[in-house]
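Student: If you scroll down you'll find the structure; I have some questions about it.
Values in this text are rule-based calculations from the coordinates and carry no lab data. Values in this document were obtained by computation on a predicted structure and should not be read as measured data. Positions of Cβ are backbone-derived with ideal geometry, glycine not excepted, and every protein chain shown enters the neighbour counts.
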Amino acid sequence: MRLECIECGSGFKIHERFYTCPRCRGLLEVEFGLGELKRKLNRKRLKTEPPSVWKYRAFMPILDESKIVSLGEGGTPLCRCDRLAKEVGVRELYVKFEGANPTGSFKDRGMTVGVTKALEFGVKTVACASTGNTSASLAAYAAKAGLRCLVLLPKGKVALGKLAQTLVYGAQVVAVKGNFDRALAMVCKLCEERKDIYLLNSINPFRLQGQKSIAFEIADQLGWKVPDRVVVPMGNCANIWAIYKGFFEFDAVGLTRGIPAMTGIQAEGAKPIVDAIKRGLDKFEPVKKPETIATAIRIGNPVNGPKAIRAIRASGGTAEAVSDAEIIKAQKLMGRLEGIGVEPASASTIAGLKKLVRKGAIRRDERAVCVATGHMLKDPEEAVAVSSRRSNYQRFMRRYVK
Ligand code: F0G
């Protein structure tokens, strides 16, 4: 295992605590030696154990397994959604329901690895900026590990459930005037200056390795086959890369064959990567004032943008933007047709897939997986506000009560 810069290719020892490349400031990635990986794999156990992040520990950058901090993350349902598939217009549709993780989002997959690394490095304090889910997750894993947790949140912009979790798990919360992008810049600067505070935003290459397990589980749950397409909401743009990397590694060691077309969805008010993909550019133009009802992905300057662009291009995928109205409609459809409650950012995947099918940009005979990244109860105020609250009392009395 080693750290490698995705821009200049420089390699560094896995024990180093860099967040970005010390030579060119490029994003770092953990690279595994294929031979070593193949040797470490226990194929029989892989085929019999139930899915969970640590089932795939051979692909995790952990040096000391005695330090693993776990709350039972991963092993989330892959729900086949036939009624929703008809509505969206694809042959076969699955929703990977990440709301079933311990703190209700996919972030737990990264934090189990990230906080374990914090213990390996011997730090006492961890920190992040967040639109809410990262902070809820980091706060929980820090509590479990006995670490102090500092979080910077955009003031007045965080969904109620996420804020409640972050507070109850005992994090120290700082409300930052401005948006997520500003909070992230502040915490990055702090962690550059203070080596005793460990940064666990998605610029941290170790955290992302845990999120690869979404890909591992999808392949595992589909009987060691990969779907044609995986649709992912993009905010800071780490997750789409992590999932791509997961499929890449499974293919490289021969557990599965091929990589799905990685398809990233952003909200219309915060779509720098969608613009770059549509224009065929390698670099993206940040959005100054990102806006959307999907607060989780209200991000204008995604740190992992270059990784997302690579994942989409290398897999023959695409990107699309959806309006808030389309997001709300999709959120309600998922609830009404399938009994799956998700927060708006997650519903953007169904809205985006439907739009791409309608435009004829993707085939109807595909087997697609949408990654529902966070639970509906993360943002209960939004869910109630967009639902009809017409009183059914009189109708109920007439029909059922004599
Ligand atoms: N979906 C949800 C529910 C999220 O919370 C996030 C990111 C994303 C999608 C996007 O993932 O950043 O890897 O592209 N939330 C971060 C946070 C920014 O602070 O909780 P990404």
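Student: Pairwise over distinct Cα atoms, reciprocal of the mean inverse distance: report the Kirkwood radius of the chain in Å, one decimal place.
Tutor: Values: mean 1/r = 0.0471 Å⁻¹.
The Cα-based Kirkwood calculation yields 21.2 Å.
Student: Multiply the residue separation of Arg2 and Glu192 by 0.36 nm, subtract the distance between their alpha-carbon atoms, and state the gained length in nm to one decimal. All intermediate terms of the calculation are to be shown ahead of the outcome.
Tutor: Values: separation 190, 0.36 × 190 = 68.40 nm, distance 2.12 nm.
Between Arg2 and Glu192, full extension yields an extra 66.3 nm.
Student: Given the DSSP H assignment, sum -39500 (n - 2.57) over each helix run of at least 4 residues in the chain and divide by its residue total; what's the result at 222 nm in deg cm²/dmol, nearest 500?
Tutor: -12000 deg cm²/dmol
Student: Which value in nm describes the separation of the simple spin-label points at Arg395 and Ala164, placed 7 Å from the Cα toward the beta carbon?
Tutor: 2.8 nm
Student: Further question: With 10 angstrom as the radius, rank Tyr198, Tyr169, Tyr141 by how many other C-beta atoms surround their C-beta, starting from the fewest. Don't skip to the end; give the middle numbers.
Tutor: Working: Tyr198 26, Tyr169 20, Tyr141 29.
Lowest to highest Cβ neighbour count: Tyr169, Tyr198, Tyr141.
Student: Full-extension gain between Arg91 and Ala175, please, as 0.36 nm times their residue separation minus the C-alpha to C-alpha distance.
Tutor: Numbers: separation 84, 0.36 × 84 = 30.24 nm, distance 4.53 nm.
Length gained between Arg91 and Ala175: 25.7 nm.
Student: If we sort 46-57, 211-222 on the protection proxy, mean other Cβ atoms within 10 Å, highest first, what's the order?
Tutor: 211-222, 46-57
Student: In whole angstrom, how far apart do the alpha carbon centroids of the range 332-401 and the range 31-60 sit?
Tutor: Centre-to-centre distance over Cα atoms comes out at 35 Å.
Student: Report, ordered by chain and residue number, the aspartates and glutamates lying within cross-link reach of Lys271, taken as a straight Cα distance under 20 Å and ignoring same-chain residues fewer than 8 apart.
Tutor: Asp181, Asp282, Glu285, Glu291, Glu320, Asp324, Glu326, Glu343
Student: Apply 1/(1 + (r/R0)^6) to the Cβ-Cβ distance of Arg336 and Leu41, taking R0 = 45 Å, and write down the FRET efficiency to the nearest 0.05.
Tutor: Efficiency for this residue pair is about 0.60.
Student: Hey, can you list the DSSP H helices of the chain whose Cα span along the axis is 15 Å or longer and whose average Kyte-Doolittle score is at least -0.5?
Tutor: Values: long enough: 107-121 (21 Å, -0.19); 133-145 (18 Å, 0.28); 180-193 (20 Å, 0.44); 239-252 (19 Å, 0.29); 324-338 (21 Å, -0.31); 344-358 (21 Å, 0.34).
Within the chain the helices that satisfy the rule are 107-121, 133-145, 180-193, 239-252, 324-338, 344-358.
Student: In the chain, what percentage of the DSSP-assigned beta bridges are antiparallel, given to the nearest 5?
Tutor: On the way: 13 of 45 bridges.
About 30 percent, rounded to the nearest 5.
Student: Can I ask one more? Starting with the fewest neighbours, write out Met397, Met334 ranked by other beta-carbon atoms found within 10 Å of each beta-carbon. Show your work: numbers first, answer last.
Tutor: On the way: Met397 10, Met334 27.
Placing the least packed residue first, the sequence is Met397, Met334.
Student: Can you put Met262, Met1 in order, fewest other beta carbons within 10 Å first?
Tutor: Numbers: Met262 26, Met1 16.
Ranking Met262, Met1 by Cβ neighbours within 10 Å, fewest first, gives Met1, Met262.
Student: Sticking with this one: Of Ser315, Ala294, Gly335, which is farthest on the positive side of the dipole of the range 284-381, counting Cα position, with +1 on Lys and Arg Cβ, -1 on Asp and Glu Cβ, and the Cα centre as origin?
Tutor: Ser315
Student: For Arg364 and Glu291, what does the FRET efficiency come to when R0 = 25 Å and r is the distance between their Cβ atoms, rounded to the nearest 0.05?
Tutor: Result of the calculation: an efficiency of 0.15.
Student: Oh, and also: Post the alpha-carbon centroid distance, the range 132-149 to the range 220-271, in whole angstrom.
Tutor: Distance between centres, Cα-based: 26 Å.
Student: Same structure, new question: Which of Ile218, Cys81, Thr131 sits farthest toward the positive end of the charge dipole of the chain, with +1 on the Cβ of Lys and Arg and -1 on the Cβ of Asp and Glu?
Tutor: Working it through, the farthest residue towards the positive pole turns out to be Cys81.
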